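The values are calculated or read from the model by the stated rules, or taken from the named source; none is laboratory data. Values in this document were obtained by computation on a predicted structure and should not be read as measured data. Virtual Cβ from ideal backbone geometry, glycine too; neighbours counted across all protein chains shown. Only protein heavy atoms, including side chains, enter the accessible area calculation; ligands, DNA and RNA are left aside. Shrake-Rupley method; radii C 1.70, N 1.55, O 1.52, S 1.80 Å.
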Amino acid sequence: GRVKFDQFLPDDPIVHPGKPGASHLHQFFGAVGVHASSTYEELLVGPTTCEQRADTASYWTPTLIGADREPIEPIRSVAYYRAGPGVDPTTVEAYPPGLMMVAGDHTATEPQATSVIAWTCGTGGARSPEPPDCSRHASLRPTTLRMRVTVPACRDGDQLRSPIVPEPALHVAYSTAGVCPDTHPVPILQLQLAVDWPVPDSVDGLALSSGDIHSGHADFWNAWDEAK
C-alpha cells in the first residue's frame with residue numbers, strides 16, 4: 001500500500017541503534033517520529049503514515065540529493081508484499097513481530113543487481129541500475145522517478161536482527177530459483193519497497209545521501225499491529 005513521507009533524519013535504529021545523528025540522512029515512512037532510540041512498543045502504538053492503518057512498521061531509505069546538494073523530498077513510498085519469485089506461497093511464513101531487515105549496499109559505487117536495486121520511470125517495466133531520464137515521459141503522462149528495493153525472502157528462523165549490528169543482513173538471504181539456502185531455510189514474505197520522487201530536470205549530478213548514486217538500500221522494521 002501507499003505510505004506517505006514522514007521525516008528526514010540522520011538516524012538508523014537498525015545499524016546505529018541508540019546513536020542519534022550517527023547515520024547519513026534517511027527519509028522515513030510509516031511509523032511516525034522514528035529515531036535512533038525508538039522501541040518496537042512505541043512503533044506499535046504510535047500513529048502511521050500508511051494508508052493501511054494496521055501498518056505501523058517503519059521503512060527508511062537514503063534520500064535523493066540534487067545537483068544543488070539539497071535533499072529532494074519524496075512524494076511517497078509503496079510497500080508491496082509477496083512470496084519470493086518461484087517460492088511456493090503455501091510455505092511462506094509471516095514476519096515475526098520486531099523483525100529488522102536491510103537490503104542493498106550502502107557502500108556501493110558500482111551498479112547493484114537490478115533484482116535488488118532498480119530505478120524506473122514510475123511503474124514502468126524498464127529497470128535500470130541508475131536513475132533514467134524520465135523527463136521525456138513526464139511530458140506525455142504524469143510519472144515519477146522511482147527507486148525499487150527488493151528485500152530478502154529467507155531467514156535463519158531464529159534471529160530478529162543480525163547478530164552483528166554493523167552487518168545488518170546476516171540473518172536473512174535471497175532465494176534462488178524459488179529455493180532458500182540451507183543457511184536461511186525459512187521462506188518469508190518478500191517486501192518490495194518503491195520510493196517515488198518528482199522527476200528532476202536532469203539526472204546529471206544526482207546522488208544519494210549514503211554516497212554514490214549506486215548506493216541504494218532500504219531498512220524495514222516490522223511493527224505491524226498483529227491485533228488489527
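Calculate, for the range 92-228, the solvent-accessible area per residue in square angstrom, rolling a 1.4 angstrom probe over the heavy atoms of the protein chains. Kindly include the intermediate steps, with their values, before the conclusion.
Numbers: 6080 Å² over 137 residues.
Averaged over the residues of the range 92-228, the accessible area is 44 Å².
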Ratio Rg/Rh, restricted to the range 1-130 and using Cα atoms, in which Rh is the Kirkwood radius = 0.96
Using helices alone, what [θ] at 222 nm do you get for the chain, with -39,500 (n - 2.57) per DSSP H run of 4 or more residues, divided over all residues and rounded to the nearest 500?
-> -1000 deg cm²/dmol
Per-residue HN-Hα couplings for the range 123-134 [Karplus 6.51, -1.76, 1.60; θ = phi - 60°; Hz; x = Gly/Pro] = 8, x, x, 6, 9, 10, x, 9, x, x, 7, 9
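Find out how many positive minus negative residues lie around Pro17, taking Lys and Arg as positive, Asp and Glu as negative, among other residues whose Cβ is under 12 Å from that of Pro17.
Details: positive: Lys19, Arg161; negative: Asp11, Asp12, Asp219.
Counting the neighbours of Pro17, the net charge comes to -1.
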Separation of the range 30-94 and the range 175-213 by C-alpha centroid, Å?
-> 13
In whole Å, largest first, what are the principal axis extents of the Cα atoms in the range 72-177?
-> 50, 33, 26
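Taking all protein chains as present, what is the carbon and sulfur share of the accessible area of the chain, in % to the nearest whole number, probe 1.4 Å? Please list the in-between numbers first.
Values: 5640 of 10270 Å².
On the chain, the fraction of accessible area on carbon and sulfur atoms equals 55 percent.
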In the chain the cysteines whose Cβ sits 4.7 Å or more from every other Cys Cβ are Cys50
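What net charge is computed for the residues neighbouring His171, neighbours being all others with C-beta under 15 Å from the C-beta of His171, Lys and Arg scored +1, Asp and Glu -1? List each step's numbers first, then the result.
Details: positive: Arg155, Arg161; negative: Glu93, Asp156, Asp158, Glu167, Asp182, Asp219.
That works out to -4.
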How large is log10 I(q)/I(0) at q = 0.20, 0.21, 0.22, 0.24 Å⁻¹ when the Debye formula is applied to the Cα atoms of the range 141-228, each weighted equally and without solvent?
-> -1.05, -1.10, -1.14, -1.24
Could you please tell me the mean projected area of the C-alpha convex hull for the chain, averaged over all directions and given in square nanometres to one decimal?
-> 12.2
At a probe radius of 1.4 Å, what is the per-residue accessible area of Met100, in Å² to the nearest 10?
-> 20
